[in-house]
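Shown next, in structure tokens, is the structure this report addresses.
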Amino acid sequence: MPKKKSKPAPAKTTEAAAAARARKKRQIFAEGHKRKFLVVVDETPECESALAFAASRAQRTAGQLALLYVVEPDVDFQWLAVEDVAREEGHSKAKAVFRLFGRKLKAMGFEELVPEEIVREGMKSEEITRLIEEDEDIGVLVLGASKDPSGPGPLVANLAGGSAGTFPVPITVVPGHLSIEEILALA
């Protein structure tokens, strides 16, 4: 029988392999480091589910909770002053969201847990990936899925969908229909 010639690997596969080799090694178990559970916070109801799960896992595993708020550009501003005002409003909103989630953590019984608060500017999925690449202590990204029958939400669909196989850390998706009590029992 004639020998079959093997086809070259698709470019996508070799690009993914190169990205994996170039990726920094996680430092979560090195001395002086703690594994961080990253939660992307915004005004969506599913964020509370992700917060509860991540806080419980962080507390039970002696890890750290990191909250990320991304100030996304709404439009291209023609005037620098308008852009500065919009940026300032975004940072003010981030502080308010962090205060809100701090109160929610206390209400869930996580008084001792002090989250790291991170504000980034840019497109949400890009900033999440960039932060994870920069911070070698981030070990898990925790996202909350929407209860909406139309889908889990754009962030979950984007990050846990097509790019999940090459994402730098595991992604935990918390189902939106679970109560806080159910989530805490699972985490």
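Throughout, read-outs are computed from the coordinates displayed, never taken from laboratory work. Everything numeric in this text was worked out from a predicted model, so none of it was measured. When we count neighbours, we look across all protein chains shown, and the Cβ atoms used for this are built from the backbone with ideal geometry, even at glycine.
Couple of notes before you dig in:
- Taking Lys and Arg as +1 and Asp and Glu as -1, the other residues whose beta-carbon sits under 13 Å from that of residue 109 total +1.
- Pairs from the table (36/106; 93/147; 34/147) lying more than 23 angstrom apart at Cα are 93/147; 34/147.
- Computed from backbone phi, the HN-Hα couplings of segment 83-95 come to 5, 5, 5, 4, 5, 4, 4, x, 5, 5, 5, 4, 4 Hz, rounded to whole numbers (Karplus: 6.51 cos²θ - 1.76 cosθ + 1.60, θ = phi - 60°; Gly and Pro given as x).
- Annotation: amide H-H contacts under 5 Å for residue 140 (H modelled 1.01 Å from N, sequence separation of 5 or more, or interchain): 36, 38.
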